[in-house]
Amino acid sequence: MEQKKLYVKYKDFVDGIRLFVPIGAGYLPLGFACGIVCAEAGMSVMQIFLMSLLVYAGAGQYIAGGMIAAGASPLSIIITTFIVNSRHILYTSVLYPYIFKWSFLKQSLFAAQITDEVFAMHSSFMSRNNVSTVTAFTLNIFSHSSWVISNTIGGISASLIPDSSKFGLDFTLYALFIALILPRLVNTAQFAALITGGITATAFALFDMVYIGVVAGAVAGAFAGYYTGRMMNYA
């Protein structure tokens, strides 16, 4: 019996590593670029390390780095990153039905390490498999660690790269989203969510409201996917 339990835990751990691999492959260049952006904004390596450890939000950190470089006030940076990262509330609410039996401490630690990419992996895996804390936290911890390490290395290496923009590292974020999302578009509701969210976010961006557009696109896409799914079930 004990040997069987160990085997199950080992399998769950391997599942977590398998889910992490595509995220880690994207986080290495993306986090490296983020570290460079923050270093060029005047942040020290220790500040970059602490922000990636405590904030842990790719888009939010990119935005914060840009605002710091532009001389924005601390309050405006906090408010802006809060608005952009508020979409994580939607992510955790979607995953809650799978983890509602966990203790409050486990739920809190789990939620603190949810990002766009990690959510994509969890939502796909949990909908088709039994939920395991070993798998969930293996994916979370390895993803978070790779982000912190790549950010820190980027911050250390910033002085060695005079013009980081010519390497196209800023496109890594979009490439990672595309690679994670497209294989998981398997029904009409998901397509409706993608198209509605994209159009909404783009519309806001045309009026220079990019940050609000991120949240509005996420909300609009969620509603479109939900109601499209309901209509399909009733049909």
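Every condition in (1) modelled with pLDDT of 90 or more; (2) farther than 22 Å from Ala112 by Cβ; (3) open to solvent by 60 Å² or more (accessible area, probe 1.4 Å) is met by Ile149 except one, and the failing one is (2). Out of the residues in region 76-126 that are touching a residue at least 12 places away in the same chain (Cβ under 8 Å) and not in a helix (DSSP H, G or I), state the one that is surrounded by the most Cβ atoms within 10 Å (Cβ to Cβ). Checked region 76-126; the qualifying residue surrounded by the most Cβ atoms within 10 Å (Cβ to Cβ) is Thr115.
The residue that is surrounded by the most Cβ atoms within 10 Å (Cβ to Cβ), counting only those in region 184-208 that are farther than 22 Å from Arg128 by Cα, of a type in the set (A, V, I, L, M) and more than 21 Å from the chain's Cα centre (by Cα), is Ala203. Within region 200-235, the set of residues being in contact with a helix residue (DSSP H, G or I) (Cβ under 8 Å, 6 or more places away or on another chain) and either more than 18 Å from Leu90 (Cβ to Cβ) or of a type in the set (Val, Ile, Thr) (or both) comprises Thr200, Thr202, Ala203, Ala205, Val210, Ile212, Val214, Val215, Val219, Thr228, Met232.
Determine, yes or no, whether Val131 is under 16 Å from the mean Cα position of the chain (by Cα), farther than 25 Å from Ala41 by Cβ and open to solvent by 30 Å² or more (accessible area, probe 1.4 Å). Criteria not met by Val131.
For beta carbons closer than 9 Å, sequence separation of 6+ or different chains, a first residue in region 48-75 that is over 20 Å from Gly213 (Cβ atoms) and of a type in the set (Gly, Ala, Ser) and a second that is open to solvent by less than 30 Å² (accessible area, probe 1.4 Å) and outside any helix (DSSP H, G or I), the qualifying pairs are Ala69/Ala41. Among the residues of region 31-45, is there at least one that is open to solvent by 30 Å² or more (accessible area, probe 1.4 Å) and closer than 19 Å to Val210 by Cβ? Yes, that holds for at least one residue. When restricted to residues that are of a type in the set (Ser, Thr, Tyr), surrounded by 12 or more Cβ atoms within 10 Å (Cβ to Cβ) and over 17 Å from the mean Cα position of the chain (by Cα), region 209-235 contains 3.
The values are calculated or read from the model by the stated rules, or taken from the named source; none is laboratory data. Fair warning: this is a prediction, and the values are worked out from it, not measured in the lab. Every residue, glycine among them, receives a Cβ derived from its backbone with ideal geometry; neighbour counts consider all protein chains shown. Heads up: the accessible areas ignore ligands, DNA and RNA and are worked out on the full protein's heavy atoms, side chains in. Shrake-Rupley method; radii C 1.70, N 1.55, O 1.52, S 1.80 Å.
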